[in-house]
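Derivation of every value follows stated rules applied to the coordinates shown; laboratory data play no part. These numbers come from a predicted model, not from an experiment. Because the Cβ atoms are built from the backbone with ideal geometry, glycine has one as well, and the counts that use them run over all protein chains shown.
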Amino acid sequence: MTADLRLSGVSKSFGSGPGAVQAVAPCDLTIAAGSTVALVGPSGCGKSTLLRMVAGLEPVSAGQILFGDETPDALRRRAGLAMAFQDAGLLPWRSLRGNVALGRRLARRPRDAAADAALIQTVGLAGFENRRPAELSGGMRQRAAIARALAGMPELLLLDEPFAAVDELTRERLGTELAPLWEARGTTTLLVTHSVTEAVRLCSRVIVFSARPARVVADIAVPAHVGTGSVGAGKSEAVRAALRGAMA
Amino acid sequence: MIIRLASVVALLLAWQLGAQASAGRFVIAAPSQIALYVMEHAGLLWRATGVTGWAALQGFVWGNLAGVLLALLSVLVPRSERGSLTLALLLACLPLVATGPILRVLYGPGQGPQITLAALAVVYTTFLPVLVGLRALPQGWADLIRSYGRGPLALLALVRLPAALPYLIAGLQIAAPAAFLGAMVGEFTGAERGLGVLTVRALRALDLPATWTIAALAAALSLAAFAGIGALGRRLDLAPPEILLARPAPRSGGLGEAGAALLVALLLWHIAMEAFDLPRFFAKRPGDVWDYLVAAPGAEAHRAKLGAALGQTLAVALPGYLAGLALGAVLAAGLVLAPGLAALVMPLSVALRAIPIIATAPLIVWALGRDVAGPVTVVAVMIFFPTLIACLHGAARTPRAVLDLFDSYDAGAWRKLLLAQLPAMLPALFASARMAVPAAILAVTTAEWLATGRGIGALMATVASTSDYGMLWSAVAVIGLAALATHAVIAALERAVLSRTNPEQLAR
Amino acid sequence: MTLIRPSRREALALGAAALLTPRLARAATPVTLQLSWLHSVQFGGSYIAQSAGYWSNAGLDVSLLPGGPNAPVEPPVVAGTALVGISAADYTAAAVNQGAPFRIIGVAMQKNPFAIASLPGNPVNTPADLVGKRLGMALANMPVLEALCALNDIDVAGIEVVPTQYDAAPLVQGQVDCLLCWATDLPVAMTMQGLDPVTMLLADHGYAVHSQTYIATEASLKDRRPELVALMKGETMGWTDYEAGPEAAADLTVQMYPDAGLDIETQKMQALRQVPLMFSDLTRAQGFGWFTDETVAANVDTLALLGKPVSADLWDRSILEEVHG
């Protein structure tokens, strides 16, 4: 079911006339079906805006986005995509379990308590099912948001700095457990982050953006096993160095 | 525990002695007299409470339903907001002298007017907070729903409604005493039984134990409802409201919109009276009021009389209104500094709000004088309670991190109050200032009718008894306009102040 | 419960029978009488008429609608909710001046019940005693005071008027020296509380205004005459019984309205005190509710002083003439 994600000449400006501010410069990208790709760049460069355009939450100023032959709006309408937000966006009156179940409900899929429990287990929150978001730490909330996004079985998964508040150790563990999950499902995944380490660990391809307006300055493939395994740590270091060079 | 018990006993003892010492003056009934009255008239009180309570409950349900529906309409059809607000405010400001006879004629004998007046008493104070709750929507939640391609209905069902629940609870808490009072006053339009009937009877019969028993009963019931609704909120384990009662004030510059809303209100007024075929003799239409005040011969004299009365009323209402807001805010600040006082202040505040104003107003005026202090105090007493509740909620939403920051510098309670909690209260204070407008009008007109004999309240009572319904409805119209104008001034002030102190409240 | 009440099925059967045989049980005509205040012995005669069947025997099903502090009598009568209302000549005059099509068809209180109540230590026995006193009253009654002063050549400016609600508390608390009130309520309450108030009836000092008057619209007088006659006939019979036994009327009142919070002793005293206001040589000679051209003329004069000019046509004796004829 999954498909290539194509961005052709996509740009974004806020305001109009001479006072307009360009947030995203015209951009052409093709993300292969089932791949996991990182968008990295300095804070505030516009990569989150790009992600929101892919999700259909923000109209494009120019250009076109297609997932297979569907627009983001069409994809949204059949619950084909899911997004995990930077601020988690959990509903405070629902328990962790309720928030994860909400992802399934919003995607109009039948209840599946066992699958929800498994997802909660995967993001390392087993035992906290009945807690309210206010009782969870920032990192735990972000992990809950990822579980909620996965619960809807999306074909396109959009993650907006999902690990910003997650501690380094958990982040590593999550990387080794989550990436196989969405890879096995064949989910096309876009991950916005400003962490080079994270991008390399989780993704097969890293696209580097300049400061505002966002413009692609590098597009680097990460060799297989560099990210997830300890094998080839040296290669990994090389990729990272290349990335840092591109961002400088 | 023992100290608390002892203080209650001491209070009762002082009350008893005070009552006995002043027995010849017919002011205070002693606790022993109240207990005796309750024992001797248990059946009567039980039946009367049942009748009034049932009417209050029905009015409570209908009025809150109307308030919630109006708020929903405002959210789903944003263009209707100004109209809904105008309508809710005007309904809340309708004086009993004008509505009473109409309701009785419409319903005939029975509980209809009591239920309607109880409902009218709560529409506005529920509408405002629920609207805030429905609006208190972080961008992230809206994005979440949209990212699944779900529409406004899913947003309403899954996010807005649950998010508004705590606000509804806060609104219901304020509504409970108001509904009870509305039902009691509704009995003044002609009823066979109920606590309102007993109140009138007791006042006329100089029956102090009965008067005080009924007042205590009304207060106790309102307290119970207040506490019960609060407990329900806790039982439901609702997250406390985050920006209680604050609501982005309607955009300024919407003069055309305001005019349209006013036009709709006038049309509704006319159409409702025509639809029920109410005789023009006592149900004056907007056109009749226009004739009376502008077009007809003698209009100038009518305007002069009404204007003079309005001036006298404003001279009492404005200071009382400001004093009430200040009292509520100061009490809230006091409770923030000394939370232990809540056990004493809260019941007293609810009780003062719940005791029928016709019982308290003459007492207050008698104690403080008829000229200025008495009537001003009556107004202040009527409105400080919602302000207190709102400000407490406001203070409670001071972000934890900010309080921790102050604590980390070992800042004193005063400094914390001044720099963190008072600013956090500001939106709530403004919101309650808007909520208090109808209550202030009710209080000032009642005090004028019962005690001072001046102003628009006395004018309305006089003209109603001489069937001068043209003047009565002119007064109703002027009161409505004054309420709308006051509301607009507060909203403008609110925008000006909050844009400096709490810009996040005005973001959307 | 099933022993006392007919079962639902029986009730339905009874109802059906009533529908099917309208001629056997003549359906009573529903009629509403709007009272001017909460239920009390003030309307004792009406309660007698109700419980003794004086109305039901005449084919009327009368509901007695209580009044209250916010229940003016005139609107329901104008609207037709009530066929007859219990008003007073001054209220009726004001309403007629505002365009209401009323006629006074009977007068229950021949003497106006307004009085000045004071305490024995500082009594008001004559209108002249009012000068220099603090008088508590509803401001709406200012014309009453002005009329009294005009009738007795007193300067109204010499009286300090204090607006109060209708309540004896301001007098017993010492806020005022005297009260303008009805002789039959606040002074009775004070007496029951062990005080010994002095009452000066305004009617004894030239204030002639019919009170507790029966009003109906001109349209009703034209179209619903039989009901008006039957209603007033029942009233007459009820109040005639009342005159014979006011205390029994008080008992009946308390029995019929147990939830009104009425005190039986207070009701008995009020019942006795309103007898001399309602019954006179005139009513004994002509019948309850009667009025003559002379009493009407005196009313017209006083109403003019009150600023409510009316003509004698406001009174219509045709119903009473049928009742007593």
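Please compute the average number of Cβ atoms from other chains found within 10 Å of each residue's Cβ in peptide A:82-93. Don't skip to the answer; put the middle values down first.
On the way: counts 3, 5, 2, 6, 1, 4, 2, 10, 3, 8, 9, 9.
Counting other chains' Cβ atoms within 10 Å and averaging over A:82-93 gives 5.
Only helical runs count toward this figure. For chain C, summing -39,500 (n - 2.57) over DSSP H runs of n ≥ 4 and dividing by all residues gives -12000 deg cm²/dmol at 222 nm. Approximating the spin labels as points 7 Å out from Cα along Cα→Cβ, the C:Val275-to-A:Thr30 distance works out to 11.4 nm.
Straight-line cross-link reach from B:Lys416 at under 13 Å between alpha-carbon atoms covers these aspartates and glutamates, not counting any fewer than eight positions away in the same chain: B:Asp404, B:Asp407.
Helix check for chain B. Which DSSP H runs span at least 27 Å along their own axis by Cα, with a mean Kyte-Doolittle hydropathy no less than 0.0? Counting only whole DSSP H runs, the qualifying helices are B:2-21, B:42-76, B:112-135, B:161-186, B:208-235, B:255-275, B:299-337, B:373-396, B:422-447, B:469-501.
3J(HN,Hα) along the range A:55-60, derived from phi through the Karplus expression 6.51 cos²θ - 1.76 cosθ + 1.60 where θ = phi - 60°, amounts to 7, x, 7, 10, x, 7 Hz, with x in place of Gly and Pro.
Which FRET efficiency, nearest 0.05, do B:Leu13 and B:Ala373 yield, Cβ-Cβ r, R0 25 Å? If you can, show how the numbers build up before the last one.
Numbers: r = 29 Å, r/R0 = 1.18.
Between B:Leu13 and B:Ala373 the formula returns 0.25.
Converting phi to 3J(HN,Hα) with the Karplus coefficients 6.51, -1.76 and 1.60 and the offset θ = phi - 60°, the range A:172-184 yields 5, 5, 4, x, 6, 9, 7, 4, x, 4, 6, 5, 5 Hz in sequence order, with x at every glycine or proline.
Pairs C:Lys111/C:Lys268; B:Lys305/C:Lys308; B:Lys284/C:Lys233; B:Lys284/C:Lys308; B:Lys305/C:Lys111; C:Lys111/C:Lys233: which exceed 24 Å Cα-Cα? Correct reply: B:Lys284/C:Lys233; B:Lys305/C:Lys111. Among A:82-93, B:154-165, the peptide with the highest mean count of other Cβ atoms within 10 Å heads the list, and the full ranking is A:82-93, B:154-165. Here the 3J(HN,Hα) profile of the range A:6-23, calculated from phi with Karplus coefficients 6.51, -1.76 and 1.60 at θ = phi - 60°, is 10, 10, 10, x, 6, 9, 9, 10, 9, x, 9, x, x, x, 5, 10, 7, 9 Hz, Gly and Pro shown as x. Summing charges over all other residues whose Cβ lies under 13 Å from the Cβ of A:Ala23, with Lys and Arg as +1 and Asp and Glu as -1, gives +4. For B:Leu206, the residues whose amide H sits under 5 Å from its own are C:Ala168, ignoring neighbours fewer than 5 places away on the same chain, with H placed 1.01 Å from N.
Computed over neighbours whose Cβ is under 10 Å from that of C:Pro30, the net charge equals -2, Lys and Arg +1, Asp and Glu -1. Rounded, prolate or oblate: which fits chain B, taking a ≥ b ≥ c as square roots of the Cα gyration tensor eigenvalues, rounded meaning a/c under 1.5, else prolate when a/b beats b/c? Since a/c reaches 1.5 but b/c is at least a/b, the shape of chain B is classed as oblate. The modelled label-to-label distance for the pair B:Leu232/C:Asp301, using points 7 Å beyond Cα in the direction of Cβ, is 6.5 nm. Under the simplified labelling scheme, the C:Glu218-A:Thr176 pair shows an inter-label distance of 10.2 nm, with each label point 7 Å from Cα along Cα→Cβ. Put simply, the amide H of C:Ala108, placed in the peptide plane, has neighbours under 5 Å in C:Thr213, C:Tyr214, leaving out anything fewer than 5 places away on its chain.
When the charge dipole of chain A is built from unit charges on Cβ atoms (+1 for Lys and Arg, -1 for Asp and Glu) and taken about the Cα centre, the candidate among A:Val222, A:Phe128, A:Gly17 whose Cα reaches farthest toward its positive end is A:Phe128.
Within the range A:67-129, which trypsin sites (Lys or Arg not before Pro) sit in a loop by DSSP and count at most 10 neighbouring Cβ atoms inside 10 Å?
On the way: sites: A:Arg76, A:Arg77, A:Arg78, A:Arg94, A:Arg97, A:Arg104, A:Arg105, A:Arg108, A:Arg111; in loops: A:Arg78, A:Arg94, A:Arg108, A:Arg111.
Taking the range A:67-129 and a limit of 10 other Cβ atoms within 10 Å, the loop trypsin sites (Lys or Arg not before Pro) found are A:Arg111.
Summing Cβ point charges (Lys, Arg +1; Asp, Glu -1) relative to the Cα centre of the range A:1-95 gives a dipole of roughly 220 debye.
Let me make sure I get this right: for the range C:181-325, a, b and c are the square roots of the gyration tensor eigenvalues over alpha carbons, sorted descending. Under 1.5 in a/c it's rounded, otherwise prolate if a/b > b/c, else oblate. Which is it? Oblate, because a/c is 1.5 or more while a/b does not exceed b/c.
Taking the range A:139-176 and a reference point 7 angstrom along Cα→Cβ of A:Asp112, the backbone N atoms nearer than 17 Å belong to A:146-157.
By the gyration tensor of its Cα atoms, with a ≥ b ≥ c the square roots of the eigenvalues, what is the shape of chain A: rounded for a/c under 1.5, prolate for a/b over b/c, or oblate?
Working: a/c = 1.62, a/b = 1.22, b/c = 1.32.
Verdict is oblate for chain A.
Think of each Lys and Arg Cβ as +1 and each Asp and Glu Cβ as -1; about the Cα centre, that makes the dipole of the protein assembly as shown roughly 4700 debye.
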